[in-house]
Amino acid sequence: MNSTGGGLQPGRDPDEIDAAQAALNRMRDAAAARGEVRRAAPRAGSTQKQRTSGRSTRGFSQFHATGRDPLGLGKVVGRLVAERGWTSPVAVGSVMAEWATLVGPEIAAHCTPESFTDTTLHVRCDSTAWATQLRLLSISLLEKFRVELGDGVVTSIQVLGPAAPSWRKGGRAVNGRGPRDTYG
């Protein structure tokens, strides 16, 4: 056993070694060998510049000003989204998820967002009358999206009418009028 290093504290009996202190000493030695400089943390009684804001810091830990306090999940995710530049995809997801609250329950009952391409929102309506109504309301909806979600997230709305049933069955099809020639 090496008596010069390994975390032994001078002046202590080897039987009374504090394992945590020994590990800390080894880490400090390794950091010093890498050239890292240890800075003393400010003490609670030392003279520090006091905050000039009117709110009291009582109840917060001493690390609050240094940003070392634990943060709520919402703040952490918000900071991550902002740092990564995911604001537009998140806003697009909020259009899809919050559709009923953005456009109102009456429109949401008849029109649903299907997809989002670049800055164009594709909306499917259950009747041609609602498709026409949504085309007339699209300018006011775009303004509402701009206010709620930010500039440039949704710049146009493509309104799609109701989907017609497909008469194609199987892998092959014959060109022609289709099923209309049998009705009559």
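The values are calculated or read from the model by the stated rules, or taken from the named source; none is laboratory data. None of these values were measured; they are calculated from a predicted model. Cβ sites come from the backbone with ideal geometry, for glycine too, and all protein chains shown count toward neighbours. Note: areas computed on protein heavy atoms with side chains; ligands, DNA, RNA excluded. Shrake-Rupley method; radii C 1.70, N 1.55, O 1.52, S 1.80 Å.
Here are a few things to note about the model shown:
- Qualifying residues in region 62-84 (those that are small (Gly, Ala, Ser) and open to solvent by less than 50 Å² (accessible area, probe 1.4 Å)) - the one modelled with the lowest pLDDT: GLY78
- Selection from region 138-166 of residues that are under 18 Å from GLU98 (Cα atoms) and in a helix (DSSP H, G or I): SER138, SER140, LEU141, LEU142, GLU143, LYS144, PHE145, ARG146, VAL147, GLU148, LEU149
- Hey, GLU143 over 21 Å from PRO162 (Cα atoms), charged (D, E, K, R) and in contact (Cβ under 8 Å) with a residue 12 or more places away in the chain or not: no
- The set of residues from region 125-159 being among the acidic types (Asp, Glu) and either open to solvent by less than 50 Å² (accessible area, probe 1.4 Å) or farther than 20 Å from GLY93 by Cα (or both) comprises just one member, ASP126.
- Any hit, region 96-106, residues being in contact (Cβ under 8 Å) with a residue 24 or more places away in the chain and either among the basic types (Lys, Arg) or in a helix (DSSP H, G or I) (or both): yes
- Filtered residue count, region 119-133, keeping only those that are farther than 11 Å from VAL159 by Cβ, at pLDDT 90 or above and not hydrophobic (A, V, I, L, M, F, W, C): 2
- Cross-chain or 6+ apart pairs with Cβ under 6 Å, region 114-134 first and in contact (Cβ under 8 Å) with a residue 60 or more places away in the chain and in a helix (DSSP H, G or I), then of a type in the set (A, V, I, L, M) and open to solvent by 70 Å² or more (accessible area, probe 1.4 Å): none
- Some residue of region 109-117 being more than 30 Å from ARG79 (Cβ to Cβ), touching a Phe, Trp or Tyr at 6+ places or on another chain (Cβ under 6 Å) and open to solvent by 40 Å² or more (accessible area, probe 1.4 Å): yes
- Single residue of ARG172, ARG146, ARG168, ARG180 found to be modelled with pLDDT of 85 or more and on the phi < 0 side of the Ramachandran plot: ARG146
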